[in-house]
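Here's the structure we're looking at; comments come further down.
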Amino acid sequence: MKHLLSAEGQESLRGLAGARALFAFDFDGTLAPIVARPRDARAAIGVRQRLAQLAQCAPVAVVSGRSLADLRDRIPVEVRHCIGNHGNEGLPDAPDPETMRAVCRGWIAQLEAALANAPSSGIVVEDKRLTLSVHYRLARDRGQAARELARIVQELAPAPRVIGGKLVLNLLPPGARTKFEALAALAEHEGAQRVLFVGDDETDELVFAQAPAHWITVRVELDRASRANYFIHQQSEIVILLDQLLQFRRASAARNGSEGARR
């Protein structure tokens, strides 16, 4: 895996400029820093401004584990595609939401009963209606909390699809879509010749691992086990990436305008 600012990475980004491309980003840890309480997460003003500028000249999507209502307030209105709950909100033909809500309600009751008898404190269940996220960032002993959660989650019925993250377990009901499936559907809808996706954790690794060869995938923070094509060192470098994308798009538009004038 190479850094995105390497010669190869720059050439890959430049190749997006002249193509019908979809630019997609995770939110937490990618557009916004990870924080102790998810409700406090915010993208920096500079990130929001650049994302809005990119959305004015190309299809842009933000694909997050957050609920759609939560996510929509955190990104610029110019962004065309806002996709929540790991791909299960914001696109047509999503799995049946009532079934998913019923499953999540059942899990919440089971989790509350199990956690009432668990010795660890600081475990927080986030109800996103169609999926759940169980956070243990605030637990005094994170290792113990992680072990307790693994045991409790194994006993949930129906069995969830469990996707890890940074001090969180994401629980998806049977039949739920993943971020990859949502992005593939969106790319087809947009008629995208190329796709760029940037993410930072295990939910995004599902995209990295399954992405077709013509997609460009970028991981925030180097992880040598990652299946992404490229990496950036830290979340703050997303500004550099957005600047690069804008620069290449504008240069391509200027070239095309000059060629059209010569004809």
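Every read-out reported here was derived from the displayed coordinates using simple, explicitly stated rules and does not represent laboratory data. Only a predicted model underlies this, so the values are computations on that prediction, with no experimental measurement involved. Methodologically, a virtual Cβ is constructed for each residue, glycine included, from the backbone with ideal geometry; neighbour enumeration extends over all protein chains shown.
Quick notes on this structure:
- Degrees separating the helix 238-262 axis from the principal Cα axis of the chain, which is the longest one: 30
- Ranking of 70, 201, 93 by count of other Cβ atoms within 10 Å, fewest first: 93, 70, 201
- Angle in degrees between helix 7-17 and the longest Cα principal axis of the chain, rounded to the nearest 10: 80
- Selected from 222, 76, 38, residue furthest toward positive end of dipole (the chain; charges at beta carbon): 76
- From the C-alpha gyration tensor of region 111-263, square roots of 5λ in Å: 40, 18, 12
- Whole-Å distance, taken between Cα centres, linking region 178-214 and region 96-161: 27
- Debye log10 I(q)/I(0) at q = 0.14, 0.25 Å⁻¹ for region 107-172, Cα point scatterers: -0.33, -1.18
- Per-residue [θ]222 nm for the chain (sum of -39500 (n - 2.57) over DSSP H runs n ≥ 4, rounded to 500): -13000 deg cm²/dmol
- Between helix 179-190 and the chain: long-axis angle, C-alpha atoms, 0 to 90°, nearest 10: 30
- Amide H contacts of residue 164 (H built 1.01 Å from N, in plane; Pro and chain starts excluded): 170 sit under 5 Å, all sequence-distant by 5 or more or on other chains.
- For region 125-207, the list of GluC sites (Glu not before Pro) that fall in a loop by DSSP and count at most 11 other C-beta atoms within 10 angstrom reads 155.
- Using a Gaussian network model of the chain in which every pair of alpha carbons under 10 angstrom is joined by a spring, one finds that among 23, 208, 248 the greatest mean-square fluctuation is at 248.
- Total formal charge among the other residues, if their Cβ is under 12 angstrom from that of residue 5, Lys/Arg +1 and Asp/Glu -1: -3
- What separates the Cα centres of region 31-89 and region 222-248 is a distance of 17 Å.
- Here the chain carries DSSP beta bridges of which approximately 35% are antiparallel, counting only pairs with both residues inside.
- Computed magnitude of the charge dipole of the chain (debye, nearest 20; Cβ of K, R +1, Cβ of D, E -1): 620
- DSSP-assigned coil residues among GluC sites (Glu not before Pro) in region 1-109, each with at most 15 further Cβ atoms within 10 Å: 78
- A value for mean projected area of the Cα convex hull in nm² was derived from the coordinates, and within the list (i) 13.8; (ii) 14.5; (iii) 15.4 it appears as (ii).
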